[in-house]
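Single-structure report; data block below.
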Amino acid sequence: MTLTVSQILEADLPDWRLLRGALHARFRTGGFRKGLALVAAVGEAAERVDHHPDVTLTYPYVQLKLTSHDAGRVTQRDLDLAATVSQIAAEQGVDSELSAVAELELGLDTADLTAAGPFWAALLGGTLDGHDVVTPGLPSVWFQTTDAHETPRQRFHVDLWVPHDVAPARIAAAVAAGGTLVDDAEAPAFTVLADPEGNRACVCTCLGR
């Protein structure tokens, strides 16, 4: 059974945040050896319950993503494994870094998904699933239906998913850096910003959806 946003937030997982249909966490290890040890321990725990996170191991941090692929959303299995991962990290003396948790996706305006979708799926080496191009290891690409229009007009925009409690500071920082708040009518689900040249981006959270 998939869980609601409220159920996930009520689970009180301090190291994890819900972004786009998945739980995300980043643990700052500060070195490859320590990161490898964390990944190895997480892998053993995942094997025991036969439920596996997506893991990114780099020199300074380990990033994890949890979702139940068979359900298409977060389930109790994800909450349970997230709590186990946090316990492992605490035992190894590794702190989480919530301010760096994020997921980037690109939205493309199109009046003809049947024409645009297959092209971008082929170009990115992914598969077309409804309005989304599934490209493991790359930012997600999704198609927003619009009326036909002539160029020039911005067609791509950036959707940046961040933790709901990080979004206000991130928006404020972008505005302070020269951006403009275009539209917050749908906040906290998404807030539309623009750079000094008018290019738009959305800061998205799990709330209000």
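The values are calculated or read from the model by the stated rules, or taken from the named source; none is laboratory data. Nothing here was measured: the structure is a model prediction, and the numbers come from that model. Methodologically, a virtual Cβ is constructed for each residue, glycine included, from the backbone with ideal geometry; neighbour enumeration extends over all protein chains shown. Accessible surface areas use protein heavy atoms only, side chains included; no ligands, DNA or RNA. Shrake-Rupley method; radii C 1.70, N 1.55, O 1.52, S 1.80 Å.
Per-structure values
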| item | result |
| --- | --- |
| Rh by Kirkwood over Cα pairs, then Stokes-Einstein D for the range 5-122 at 1.306 mPa s and 10 °C, µm²/s | 102 |
| Approximate spin-label separation LEU138-ASP80, in nm, with each point projected 7 Å along Cα-to-Cβ | 3.6 |
| Charge dipole (debye, nearest 20) of the range 13-78; +1 at Cβ of Lys and Arg, -1 at Cβ of Asp and Glu | 340 |
| Projected label distance in nm at ASP165 and LEU113, using a 7 Å step from Cα toward the beta-carbon | 3.6 |
| Length gained when the stretch ALA173-HIS69 is fully extended (0.36 nm per residue, less Cα-Cα span) | 34.0 nm |
| Förster radius 35 Å - calculated FRET efficiency between LEU123 and GLU91 (Cβ-Cβ, nearest 0.05) | 0.20 |
| Structure-based [θ]222 nm, the chain - -39500 (n - 2.57) summed over DSSP H runs of at least 4, per residue, nearest 500 | -9500 deg cm²/dmol |
| Sulfur and carbon atoms: percent of accessible area, the chain [1.4 Å] | 55 |
| Rounded if a/c under 1.5, otherwise prolate or oblate - the range 107-204, Cα gyration tensor axes | prolate |
| Highest average packing first - 136-144, 173-181, Cβ atoms within 10 Å | 136-144, 173-181 |
| Given (i) 112; (ii) 143; (iii) 172, the label whose value is volume of the Cα convex hull per residue in Å³ derived from this model | (ii) |
| Whole-number accessible area per residue in Å² for the range 1-127, which is evaluated in the context of all protein chains at 1.4 Å | 52 |
| Charge dipole magnitude, Cβ of K and R +1, D and E -1 - the range 55-111, Cα centre, debye nearest 20 | 120 |
| Computed lengthening from HIS131 to ASP50, 0.36 nm per intervening residue step minus Cα-Cα distance | 26.1 nm |
| Charge dipole (the range 143-183, unit charges on Cβ, about Cα centre) - positive-most of THR145, ALA177, PHE156 | ALA177 |
| Additional length obtainable on full extension of the chain from ALA185 to SER99, 0.36 nm per residue less Cα span | 28.5 nm |
| About the Cα centre, charge dipole magnitude for the chain (Lys/Arg +1, Asp/Glu -1 at Cβ), debye | 460 |
| Relative contact order computed over the range 84-209 (Cα-Cα under 8 Å; 6+ residues apart), in percent | 23 |
| Residue among PRO118, LEU106, GLY72 farthest towards the positive dipole end of the range 72-121, charges placed on Cβ | GLY72 |
